[in-house]
Amino acid sequence: MKLLARLFAVTVGTLITVGAQALAVGAPTPQSPVKEDFRDAHHPAEFRFSHGDISWLPALAEEAGWPKRTWKRLGQIILRESGGCPNRRGGDMVDKNCNITGVSEWNHRSDTGLLQINGVNYDTSRNKWAVICNQMNICEQEPLLDPLTNLKAGKLLWDVAGFDPWKTVG
């Protein structure tokens, strides 16, 4: 109940996934302000991504706007969701250097990047209130494979619903 009250208090038009469930919160209006384009077509070359290593997290989390108090939990989520591999889509298998070596499952391919952001949050063909599309102008999967962009998108979801979009079911 507390989650629903918090979500309805936010005036952002969105749908947030919570485990296998989705919650709708107010439709976007035509009078919405012009969206800022948050796409980052780079990540600093000094960062090397490898499975199980998130030593780069403080620098990128700070740049993406995550409060320092969230970094420990954010790191745990990244390790669970993607192993710290920014190029990972749902079901991808990776080696220690984050190279894709195969696909183990095909039923959640829209999950994207470090935080495995689900397609209902960016794809308006699946959800017309897709918050990442509507607020960040990112409406497809590819830009979310950039680690900084993914962390900024995750920060938007966190602003709306805390860590609830990454709660596991069961």
Give me the residue from segment 134-158 that is free of Cβ contacts under 8 Å to residues at least 60 places away in the same chain and within 12 Å of the chain's Cα centre (by Cα) and, out of that set, nearest to residue 99 (Cα to Cα).
145
Answer from 78, 54 - the residue that is crowded, with 18+ Cβ neighbours inside 10 Å, of a type in the set (A, V, I, L, M), modelled with pLDDT of 85 or more and within 19 Å of residue 132 (Cα to Cα):
78
Note down all Cβ pairs under 8 Å where the first residue falls in segment 53-64 and is closer than 15 Å to residue 149 by Cα, the second is part of a helix (DSSP H, G or I) and polar (S, T, N, Q), and they're at least six residues apart or on different chains.
61/70
Just give me the residues in segment 81-103 being surrounded by 14 or more Cβ atoms within 10 Å (Cβ to Cβ), small (Gly, Ala, Ser) and free of Cβ contacts under 8 Å to residues at least 24 places away in the same chain, in sequence order.
91
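The values are calculated or read from the model by the stated rules, or taken from the named source; none is laboratory data. These numbers were taken from a predicted model, which means no experiment stands behind them. Every residue, glycine among them, receives a Cβ derived from its backbone with ideal geometry; neighbour counts consider all protein chains shown.
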